[in-house]
Structures are given as C-alpha cells and as structure tokens.
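Structure first, then comments.
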Amino acid sequence: MTTYDDRASLADLTTAAERIRRSVEAVIEGKPEVVRLSLTVLLAEGHLLIEDVPGVGKTMLAKTLARSIDCSVRRIQFTPDLLPSDITGVSIFDQQRRDFEFKPGAVFAQIVIGDEINRASPKTQSALLESLEERQVTVDGQTYELPSPFMVVATQNPVEMEGTYPLPEAQRDRFMARVSIGYPSPEAELQMLDVHGALSPLDDLQPVAHAHDILKLIETVRGVHVADAVRRYAVDIVAATRTHPDLRLGASPRATLHLVRAAKASAALSGREYVLPDDLQALAVPVLAHRLLPTAQAQLNRRTAEQVVLDILQRTPVPASAPPAGPAPVAGARPLYGQQQPGVRQL
C-alpha cells in the first residue's frame, strides 16, 4: 500500500523533471517536445519507441535520458544473429552445485536501451513481449521480476531502410509512445558542432535524479485526477480508430490505458492535479499513431496514421465540463514547454 512518504508533491515533481530536462537538453539541442515526451513516458511507467533515419540522435537521446538518472542501465544492440536468451537470460548447469543456475540477460536493468530494435528477427523481438507488459521474465518455467522503475527506450530505423524487419503489431502496442526526432535546425546543428566536435557531452553528464526519486514521482502521477467526462473523451477517441474507414486495425484497450496514463503524467509536468482534454489531444498522435494500420486505399492516397488521428480529434466532441474544484496548479510551477500538438485545434 502506498503511503504519503512514497509520494512526492507536485512541486517536487516539476523541480525534478526540470533537472532531468536540463540535463537531457544539454546534449539534445533544439528538441524540447521530444524531451518532454520522453519524460512523460518515464513518469507514466511506459516504454518509448524512437523511430527516425540514421544519424539524428536516437541512441544519443536514449543514452542521455538513462545517464541523467542514477539507476542500472543496460544496452542491447539488436542484430540479425541476436538470440532471445541474450535478452532474457539462460539457465546454465553448475557442475559444482549439480544444479541449474540462472544467468540474467540484458533486460534485467531499470533502463534498457534497445538500439535498432527492428534489425533483429521477429523471434528475438518477441523475447521482449513479456517484459514490456508484465515487467517480468519467464525462463524454463521460472518467473523473475524485473527491477523498478523499468523502462525500455528502443530505437529503430524506418522499415524501408536496408536490413530491417517490421515490428510485430503486438510489440508496437506495448510501447506507450513513438517519437521521431527529425533533423535539427541550422542553429542547433551549428551548436552541435561546437558541443560535440571535440568530445562527447555524455562524458561530463552526471545523474540529476535517483531511481527512488523516480518511483516517488510515479506515485504522484498515479494520484492525478481524471474526471469521468475526460475518461469518456479518451474512450471515444480510441473507439473512433476502430471504425474509421481509412484504418484496417484500430487502437486496442491498452492504447486507452496508455493515453490516460500519459495524460496524467503530462498534467503533473504542467503542475496540475487533474487532466484536461488538452492533455489527451496533445498526446493522441504519439500514443496512438504507431498502433494503427491504414488500409491499402489509404496508403495509395498517401494518408498516414498521424493524419487519421488528427482527423479523429477534429470530429470527436470535446467534453464541456470544467476542471474539478480543488488544488490549482502549483504556484510558481512552470509548465515544461507544454505546447499544443501541431494540427490539433485549441479548446
């Protein structure tokens, strides 16, 4: 049972998040929305999928986020010859003890960096399914709990790149959000030449938060209030993906849970103890789009899943209820660069 001491205040949350943000942005220049989404997923107990072309800083973002927190970190380089046992672990017979001993795999860490996850075979990729959803690993009939907090930050190249395998639908559905970093602006790229030209900025990066601090922040996010009207709005958005004519696969009930959890984390980062429809709108594209499969006709018409989600947001009625009475946003708490998602109408 969670006690008061297991939770941090909203002021503590925004202060800790600001420290982590500054630490990450010292390395990842010019991408504040990407950094905010990474923090949102971390505090919502989710997993992050970073998809983009090579060389834009996918792995650097994952390593920077991991190094900013004082916790155990393991990196897995996904290759075509990677085996499932390399990820989950294997039981080895001990000659002296005359018994099998379990050797944990690379997934036994608090933050796991999966580099180029779609370069491994689907069989190897499926080794992550249990750990992503249930935060445990079963080997030879024995179940082993993973450490807490637990987050997988995976990078992948677009499927049209050479030597990649498409992620199975079941695995994409287990990632809370997908983000694309994109190319930097000319100013950010010039600054990158100064910062990254002589040495790696990761060399001087020190942790600014501890694992037990993150656990307290996660408990605070769990306590953020979601009104019934806002819950219904989230359900309506996800349900609309299942009947949209441009989609042959809509979002799952797990997507609804992820959308609400992410919205609670986003509200907490903005210093609020309640979720607004704005939070759901801002997160709908990164949380839902990677789970959707457009129809063949939609692909011929160059309709992307992101465009379909934006269309659904335009068509879904927004609840008219006011925020619940109670604590106002934390005094002096600055929303962490919480801008409206491009293409989403303001309320």
* To do: Tell me, yes or no, whether region 136-145 has at least one residue that is among the acidic types (D, E), buried (at least 19 other Cβ atoms within 10 Å of the Cβ) and either touching a strand residue (DSSP E or B) at 6+ places or on another chain (Cβ under 7 Å) or over 30 Å from T220 (Cα atoms) (or both).
  => no
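For region 153-172, does any single residue satisfy the condition of being open to solvent by 70 Å² or more (accessible area, probe 1.4 Å), out of contact with any helix residue (DSSP H, G or I) (no Cβ under 6 Å at 6 or more places or on another chain) and among the β-branched types (V, I, T)?
Filtering region 153-172 for residues open to solvent by 70 Å² or more (accessible area, probe 1.4 Å) gives 159-160, 162, 165-166, 169.
Of the ones still in play, those that are also out of contact with any helix residue (DSSP H, G or I) (no Cβ under 6 Å at 6 or more places or on another chain) are 159-160, 162, 166, 169.
Imposing the further condition that a residue be among the β-branched types (V, I, T) reduces the set to 159.
Yes, region 153-172 has at least one match.
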* Count of residues meeting criterion [within 23 Å of A120 (Cβ to Cβ) and either in contact with a Gly (Cβ under 7 Å, 6 or more places away or on another chain) or among the β-branched types (V, I, T) (or both)] in region 53-80 -> 7
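Taking the stated definitions as given, is R303 more than 23 Å from I50 (Cα to Cα) and either touching a Pro at 6+ places or on another chain (Cβ under 9 Å) or in a loop (DSSP other than H, G, I, E, B) (or both)? Even if it seems obvious, please write down each step before you answer.
Numbers: more than 23 Å from I50 (Cα to Cα): no; either touching a Pro at 6+ places or on another chain (Cβ under 9 Å) or in a loop (DSSP other than H, G, I, E, B) (or both): yes.
So R303 fails the test.
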* Asked: Name the residues in region 172-228 that are in a loop (DSSP other than H, G, I, E, B), β-branched (V, I, T) and in contact (Cβ under 8 Å) with a residue 60 or more places away in the chain, would you?
  -> I181, V208
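Name the single residue that is nearest to L288 (Cα to Cα) among those in region 251-265 being open to solvent by 20 Å² or more (accessible area, probe 1.4 Å) and in a helix (DSSP H, G or I). Give the derivation first.
Initial filter on region 251-265 (open to solvent by 20 Å² or more (accessible area, probe 1.4 Å)): 252-254, 256-257, 260-261, 264.
Still in the list and also in a helix (DSSP H, G or I): 253-254, 256-257, 260-261, 264.
Values: P253: 11, R254: 10, T256: 9, L257: 11, V260: 12, R261: 13, K264: 16 Å.
Once the filter is applied, the top-ranked residue is T256.
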* Structure fact -> Checked against (1) closer than 15 Å to L83 by Cα; (2) in contact (Cβ under 8 Å) with a residue 60 or more places away in the chain, Q125 satisfies every condition except (2)
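Take R232 and tell me if it is of a type in the set (D, E, K, R) and assigned to a strand (DSSP E or B). Before the answer, list the steps.
Details: of a type in the set (D, E, K, R): yes; assigned to a strand (DSSP E or B): no.
Criteria not met by R232.
Go through region 82-117 and count every residue that is surrounded by fewer than 17 Cβ atoms within 10 Å (Cβ to Cβ), part of a loop (DSSP other than H, G, I, E, B) and touching a Ser or Thr at 6+ places or on another chain (Cβ under 9 Å).
Applying the first criterion (surrounded by fewer than 17 Cβ atoms within 10 Å (Cβ to Cβ)) to region 82-117 yields 83, 85, 90-104.
Right, trim to part of a loop (DSSP other than H, G, I, E, B) and you get 83, 95-98.
With touching a Ser or Thr at 6+ places or on another chain (Cβ under 9 Å) added as a condition, the list becomes 83.
Final tally of qualifying residues: 1.
If you go through region 48-70 one residue at a time, how many are outside any helix (DSSP H, G or I), open to solvent by less than 30 Å² (accessible area, probe 1.4 Å) and in contact with a helix residue (DSSP H, G or I) (Cβ under 8 Å, 6 or more places away or on another chain)?
Within region 48-70, the first condition is being outside any helix (DSSP H, G or I), and the residues that meet it are 48-57, 68-70.
The next check asks that each one be open to solvent by less than 30 Å² (accessible area, probe 1.4 Å); those that pass are 48-50, 52, 56-57, 68-69.
Now drop any that are not in contact with a helix residue (DSSP H, G or I) (Cβ under 8 Å, 6 or more places away or on another chain), which leaves 48-50, 52, 68-69.
Summing the residues that are outside any helix (DSSP H, G or I), open to solvent by less than 30 Å² (accessible area, probe 1.4 Å) and in contact with a helix residue (DSSP H, G or I) (Cβ under 8 Å, 6 or more places away or on another chain) in region 48-70 gives 6.
Give region 71-81 a look and list any residue that's open to solvent by 20 Å² or more (accessible area, probe 1.4 Å) and either touching a Leu at 6+ places or on another chain (Cβ under 8 Å) or within 21 Å of R19 (Cα to Cα) (or both), or say none.
Keep residues of region 71-81 that are open to solvent by 20 Å² or more (accessible area, probe 1.4 Å), which gives 71-75, 77, 79-81.
Answer for region 71-81, where residues must be open to solvent by 20 Å² or more (accessible area, probe 1.4 Å) and either touching a Leu at 6+ places or on another chain (Cβ under 8 Å) or within 21 Å of R19 (Cα to Cα) (or both): C71, S72, V73.
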* To do: Taking the options A268, A282, A298, name whichever one is under 17 Å from the mean Cα position of the chain (by Cα) and open to solvent by less than 10 Å² (accessible area, probe 1.4 Å).
  => A268
* Failed item in (1) open to solvent by 10 Å² or more (accessible area, probe 1.4 Å); (2) of a type outside the set (F, W, Y); (3) on the phi < 0 side of the Ramachandran plot, with E45 passing the rest -> (3)
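The values are calculated or read from the model by the stated rules, or taken from the named source; none is laboratory data. This one's a predicted model, so the numbers in the text were calculated from it and none came from an experiment. For neighbour counting, all protein chains shown are included, and Cβ atoms are generated from backbone atoms with ideal geometry for every residue, glycine included. Please note that ligands, DNA and RNA were not included when accessible areas were found on the heavy atoms of the full protein model with its side chains. Shrake-Rupley method; radii C 1.70, N 1.55, O 1.52, S 1.80 Å.
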